[in-house]
Every structure is written in C-alpha cells, then in structure tokens.
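Scroll down for the structure; my scribbles are underneath it.
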Amino acid sequence: WGALYTDWGKAVAACHEGDIARAINIKPSKNSSSDVDNFADCFVSYHEGCYYLQNLEWRKAIKPLQQAKSEIKDKSDWCKEIDRLCEAQRQKIDDFDEHLQLSEFWYELLNSQTGRSYFAECKARKVAQNLDNKKISLQEGLNELHEIRNIDSNNSSTLDLIKKVEYSLEAEKIDRLMKQNQFEQAISVARQSKNEKIRFRVAEICIDLLLEGTESRSLNFEAMQQLGQWAYELCPHEPAFMPFYLQLGIYR
C-alpha cells in the first residue's frame with residue numbers, strides 16, 4: 001500500500017485495477033530512489049511483463065521482467081503466473097530458434113523446474129541438429145549433453161540423446177577395432193558396455209561369423225566354440241542364439 005503514495009502511485013493503482021496499458025503509459029521515467037519506490041517499480045514492471053506475455057509478445061516482456069527479477073524470485077505467486085504465461089507463449093511458437101531464445105530467457109529469469117526442462121529440451125534438440133549436420137563430433141555432442149544435464153538432470157530428451165550418442169561412439173569404436181582385426185579388443189569393449197544393443201550387435205556378429213564359418217568350413221571347432229563363447233558372454237539368454245550355445249556345449 002505504501003507504493004500508492006510514491007511517484008509510482010498512479011501506475012500501481014492502474015495495475016491493481018487491471019489497466020496495465022494505462023500503467024505502462026503513466027509510469028515515471030526516473031530511477032527509483034527508495035526501497036518503497038524500488039518495490040513500486042518492480043510491481044509495475046512485473047505487471048507490464050505479464051501484460052506482454054498475455055499478448056504473446058514475449059520479447060517485449062524481457063526488459064520489464066528482468067527489472068523486477070529481485071522481487072519476482074521472492075514471490076511464488078508471481079513465479080507461477082510467469083510460468084503459466086511462458087507455457088502459453090511456448091505453445092504458440094513454431095520456429096525452433098525462437099523456442100531456444102524463449103527457453104533461455106525463461107530459465108535465466110525464474111530457474112523454475114518447468115523453465116529448466118524446456119531450456120534443456122531445446123538445447124538438446126540443438127545438439128541433435130548439429131550432430132545431424134556434422135557440425136560437431138559425437139564426442140563434442142556428448143560433452144555438451146552432459147553440461148545440459150546439469151540444467152535438468154532428469155530431462156528425458158537429454159537422457160535419450162545421451163544414450164544414442166554413447167551407442168554411436170561405442171559402435172564406431174568397435175567397428176574400428178574389427179576393421180583393424182583387433183577382434184578380442186572389440187569383444188572387450190562390448191563386454192564392458194552398459195548398452196544392451198551394443199552387446200547384442202556384437203554377439204550377432206559372432207553368430208554370423210560362426211554361421212559363415214560352418215557353411216564354408218573355414219573354421220575349426222575351437223574357433224567356432226570361441227565365437228560362441230563370446231556371444232554367450234554378451235547375450236547369455238538371447239533365445240535366437242540358444243541353439244548355437246547348446247550345439248557348442250557352452251550353455252549353462
């Protein structure tokens with residue numbers, strides 16, 4: 001109420017009455033000189049920012065909401081309202097770059113869970129784009145994704161992309177080792193992998209080599225058993241491979 005008796009009084013009253021457009025027009029242009037003035041300034045700036053968000057003009061909301069940031073952080077109802085309005089604004093955006101810009105503004109302003117999740121999702125999508133366009137390497141992409149995970153540790157978009165990139169990195173390493181005839185090292189990498197798809201892929205290669213060797217009679221029993229043993233170590237319970245394990249006597 002004290003704010004009503006400052007130079008900001010008329011603008012504060014207009015905000016109370018819901019006439020934000022008028023408040024914007026009549027607010028003082030001079031800087032705040034006291035704590036009460038500062039609060040009145042933040043109060044009007046908050047309503048001005050919300051006014052622009054309601055009208056889907058989020059870029060115009062940046063400056064007033066940043067001016068009111070100190071008060072916004074201390075008022076949960078203000079934070080909830082900005083979250084709600086930013087979410088509504090988000091639904092009206094089609095351009096990805098604008099999504100990224102809005103999400104960064106939202107995250108830096110509130111650091112709310114909703115804002116963090118949105119920002120992390122947008123940044124993960126940007127990494128995915130850069131990977132698809134070969135602008136960054138897989139390892140660079142993975143490093144960026146781990147940084148994004150610090151923003152929102154449980155973001156599904158980030159976690160899913162991390163798994164895909166880790167899979168691609170391991171697959172590349174294994175393929176490289178196999179092309180260099182370092183088969184045992186490739187098996188070792190697969191054995192240590194936490195990714196079931198990697199282990200299945202390498203086990204499948206072992207079974208394919210086993211079949212080819214059987215048909216061409218180019219492998220002795222010891223080599224065939226070794227391939228079967230590697231496949232078993234990687235995928236001991238894979239139904240499709242079970243007949244080979246039984247035939248070679250390695251199933252336990």
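If you keep only loop residues by DSSP, which trypsin sites (Lys or Arg not before Pro) in the range 117-199 have at most 10 other Cβ atoms within 10 Å of their Cβ? The partial results should precede the final answer.
Values: sites: Lys123, Arg125, Lys126, Lys134, Lys135, Arg149, Lys163, Lys164, Lys173, Arg176, Lys179, Arg191, Lys194, Lys197, Arg199; in loops: Lys134, Lys135, Lys194.
Filter output for the range 117-199: Lys134, Lys194.
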- [ ] Any chance you could list the semi-axes, whole Å, largest first, of the equivalent ellipsoid that the Cα gyration tensor gives for the range 32-91, using √(5λ)?
- [x] 21, 12, 7
TODO: Report ³J(HN,Hα) in whole Hz for each residue of the range 87-92, in order, from the Karplus equation J = 6.51 cos²θ - 1.76 cosθ + 1.60 where θ = phi - 60°; Gly and Pro get x.
DONE: 5, 5, 5, 4, 5, 9
Task: Probe 1.4 Å - accessible area at Phe105, Å² to nearest ten - done: 20
TODO: Mind checking which lysines have their Cα closer than 18 Å to the Cα of Lys164? Skip sequence neighbours fewer than 8 apart in that chain.
DONE: Lys123, Lys126, Lys134, Lys135, Lys173, Lys194, Lys197
- [ ] Would you please give the residues with an amide H less than 5 Å from that of Cys235, counting only those at least 5 places away or on a separate chain, with H modeled from the backbone geometry?
- [x] none
- [ ] Determine the order of Val189, Val44 by accessible area, beginning with the largest, at a probe radius of 1.4 Å.
- [x] Val189, Val44
Open item on the list: Whole-Hz ³J(HN,Hα) for each residue in the range 78-85, computed from phi via Karplus 6.51 cos²θ - 1.76 cosθ + 1.60 with θ = phi - 60°, x for glycine and proline: what do you get?
Closed with: 5, 4, 4, 5, 5, 4, 4, 5
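The values are calculated or read from the model by the stated rules, or taken from the named source; none is laboratory data. Owing to the predicted nature of the structure, the values given are computational and were not obtained by experimental measurement. All Cβ positions, even for glycine, are placed from backbone atoms using ideal geometry, and neighbour counts span all protein chains on display. With ligands, DNA and RNA removed, areas are computed over all heavy atoms of the protein, side chains included. Shrake-Rupley method; radii C 1.70, N 1.55, O 1.52, S 1.80 Å.
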